[in-house]
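Have a look at the structure below, then the notes.
What follows is calculated from the coordinates using simple rules that are stated; it is not laboratory data. Keep in mind it's a predicted model, so treat the numbers as computed, not measured. Neighbour counts run over all protein chains shown; Cβ positions are idealised from the backbone, glycine included.
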Amino acid sequence: MKSDSNCAVLCGLFLLAGCSTHDPSDPSERTEPGESPPFPQAVVASPPPTIPALREWRSASGVAYTFTRRTRIVVHSEYASDLLDTAAVFAADLKSLSGFPIPIMAGGASDVREGDVFFELGSTDAELGTEGYTLTVGPSIAVRARTSDGVFYGTRTLLQWLSKKYTLDAGTARDWPRYPERGLMVDVGRKYFTVGWLRGHIRELAYLKMNYFHVHLSDNKGFRLESLKHPEIVSFDHYSKVEMAELLALAKAYHVAIIPEIDMPGHMDPILAAHPELKLKSSNGTVQNGFIDLSMERSYTLLEDLIEEYLPLFSSKYWHIGADEYVSNYADYPQLLTYARAKYGPNATARDVYYGFIHWANDIVRAAGKTTRMWNDGIASHGAPDTLKVDANIVVDYWTNSGLKPQQLIDTGHDVNNSSWTPTYYVLDGAKPDLTYGYERWTPNIFERENTVSPAEPHNLGSKVHVWCDNPNAETQEHIRDGIRPALRVLAQQTWGSPKPVSSYNGFQTLMDTVGSAPSGTDVKSDDLALGRPVTVSSTETPNFPGTRAVDGTHATRWSSEASDAQWMQIDLGSRKSVRKVILNWEAAYATSYELQISDDASSWTTIYATTKGRGLTETLSGLDAHARYLRLNLKKRGTRYGYSLYEVEVYGSFEE
């Protein structure tokens, strides 16, 4: 048996958890933070709600569980090396939720006391698979599973329960997912999302027992990852490799796989802007922006540089090459046909150059011990009239009806992911998920336009929500956060595959509010330097619209000025900061002419940006490269007859801050 002195050792290793030093005899130990003892708790026969819903729950008549300041996490000594990381994450989440420092100790079942949570591997319940768990609630709680993934998902159930009340009814849950992939894709290539936004959504995915975060790192409007081999292609707003490594570490701790995508051989505008000689040209000399010419050997040198530079950075078993929307009419590019026949034989078609590229890239990815993924639209055939075919060991993300259907891809040997436009696409200034259909009628075996596969098909890996930023300024990342929140919950339920907790989407909306969001999750805008900072303004329309509303982190509130042209807002960043980007989120009443100014003393001001063509909506002012403590928005001319009105002003600095 381990003594409590072990806690001090383990807590020293896991700084996120902290150690309790409170007196267990103190009656205040059994109270909620900010409440007077005793804290009333409702007793119900059914389990507290979760998203996704539990697969099985059996209530018991025993003693209820109560989470207190005395709660500890006890990890079975035999499995400590596998479960201590999960224990540390759970302790950190509980501390974020309650304020209680939660000690971690190694021990056995005999060491568990009232209020503790016990982790153990070694379950012989084969039905749980690799991600399932059992959860027994009594005076203490036991989470058992076959793998650490299962124990982690058991802690997500507990976290959802404890976020609403600290007393849980006695009973036992058995729970496991139907599909192995449950996730989110974000197009950061077209729209830069802050590191804080990405961190928050890693926690949010984990909270919903989702395990897959597909990051679309390049597209026609940006290349977002630092490159040492080709720095000339990297966009101003991008992620350093250190930042990406830190994201990967957080994702690993939360059992989320980050899947990188460098899109090629199409959607390559920012790469080819630095290498225009590699752009694909049609027979009449027209340059096709975004398409690299696969008949040039130098193209493969560049592409190989990029794949091989980044493969070692990512720990996921997958690498996504994109391979979507390359060429619609191959006859326009006779050099592709010439290259194909020289390389693949006299019967080759121009499309064989595209298939040959996929085979070439797949060889590089597989040599690194990973599996290639691609979008489905380019797989038009497997054989005649083309000479080559796409390797069957590539996973296909099926998003649109083009070429082979989902069942045909499976019959050929591919694993597939249901990435269908309906109901998984969230397009800025475009399509949004049909959530009623998604919850009430859709399941992950229903692909685009009712193409179905068997519900029991093992080669259907699951599904994900897709955020596509075709019009990157149409929505802020906060609007997107709020917009995809219900879609993630619908997808979490449908891919987990447990019995639905309610029959209608309207009822599910109520459940979403009950379950809430992850502690320290997507509601924290940790990168925004203006968030919660002191604000002074020239005027307010009424006391209901003060300047502080423009830095409170929500688009449900706003600052509004008096109805005259000359107005200003000043933000105190607290200390001298790097200012690289400012985002103005206007309500309907916007400025056509304004200046952005900085100062270190709030007296002498320097203008770093000015425009007479303000358009309202969301305006992103990037590439500022300034340093100051104070920021002033000097508003000179209104675009409407009303006063100026801003939902939110966001300020972002260097990556180090």
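How big is Rg to Rh over the stretch 421-518, alpha-carbon atoms, Rh as the Kirkwood inverse-mean-distance radius?
Working: Rg = 14.0 Å, Rh = 14.3 Å.
Answer for the stretch 421-518: 0.98.
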(message) Suppose a student asked you for the relative contact order of the chain, using Cα pairs under 8 Å spaced at least 6 residues apart; what percent would you report?
(response) 11 percent
(message) Along the charge dipole of the stretch 181-515, pointing to its positive end and built from +1/-1 on Cβ of Lys, Arg, Asp and Glu, which listed residue (ASN220, ALA253, ALA273) has its Cα farthest out?
(response) ALA253
(message) If R₀ is 30 angstrom, what is the calculated FRET efficiency for the pair THR640 and THR606, using the beta carbon separation as r and rounding to 0.05?
(response) 0.55
(message) If you scale each eigenvalue of the Cα gyration tensor by 5 and take the root, what three semi-axes come out for the chain, rounded to whole angstrom and sorted largest first?
(response) 43, 37, 22
(request) Can you give me the three principal axis dimensions of the stretch 181-515 from its C-alpha atoms, in Å, biggest first? (result) 62, 42, 37
(request) Using the structure shown, select from LYS95/LYS252; LYS252/LYS500; LYS317/LYS405 the pairs with a Cα to Cα distance greater than 22 angstrom. (result) LYS252/LYS500; LYS317/LYS405
(request) Note down the relative contact order for the stretch 337-434 as a percent, whole number, built from C-alpha pairs under 8 angstrom at least six residues apart. (result) 20 percent
(message) I'd like to know how the stretch 57-105 sits against the 2.2 N^0.38 Å rule of thumb: what's its Cα Rg over that expected value?
(response) 1.33
(message) Give the aspartates and glutamates reachable from LYS229 as a straight Cα distance under 14 Å; neighbours fewer than 8 places away on the same chain don't count.
(response) GLU304, ASP305, GLU308, GLU309
(request) In nm, give the distance between the simple-model label positions of ASP482 and VAL287, each being 7 Å from the Cα along the Cα-to-Cβ direction. (result) 4.2 nm
(request) For the stretch 535-652, state what percent of all Cα-Cα pairs lands in each successive 10 Å bin, counting from 0 Å until the bin that includes the largest distance. (result) 15, 51, 32, 2
(request) Please find the FRET efficiency linking ALA64 to LEU617, where r is the Cβ-Cβ separation and R0 is fixed at 51 Å, and quote it to the nearest 0.05. (result) 0.50
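Relative contact order of the stretch 535-652, please, whole-number percent, based on alpha carbon pairs below 8 angstrom and at least 6 residues apart.
Details: 322 pairs, mean separation 44.8, N = 118.
38 percent.
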(request) At a Cα cut-off below 18 Å, give the lysines reachable from LYS432, other chains included and same-chain residues fewer than 8 away excluded. (result) LYS191, LYS464
(message) Modelling each spin label as a point 7 Å along the Cα-to-Cβ direction, I'd like the ASN401/ASP305 distance in nm, to one decimal.
(response) 4.3 nm
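Quote to one decimal, in nm, the extra length available between ARG174 and THR338 on full extension: 0.36 nm per residue of separation minus the C-alpha distance between them.
Values: separation 164, 0.36 × 164 = 59.04 nm, distance 5.99 nm.
Gain on stretching ARG174 to THR338: 53.1 nm.
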(message) Per DSSP helix of 4 or more residues, -39500 (n - 2.57); summed, then divided by the residues of the chain. What does that give at 222 nm, rounded to the nearest 500?
(response) -7500 deg cm²/dmol
(message) Can you return the aspartates and glutamates within cross-link range of LYS613? Criterion is Cα-Cα under 17 Å, with same-chain partners fewer than 8 residues away left out.
(response) ASP565, GLU587, GLU595
(request) Could you order peptides 257-263, 448-454, 472-478 by the average number of other Cβ atoms within 10 Å of their residues, highest first? (result) 257-263, 472-478, 448-454
(message) Give me the dipole magnitude in Debye, nearest 20, for the chain about the Cα centre, with unit charges on the beta carbon: positive for Lys and Arg, negative for Asp and Glu.
(response) 640 debye
(request) Give me the percent of DSSP beta bridges within the chain that run antiparallel, rounded to the nearest 5. (result) 60 percent
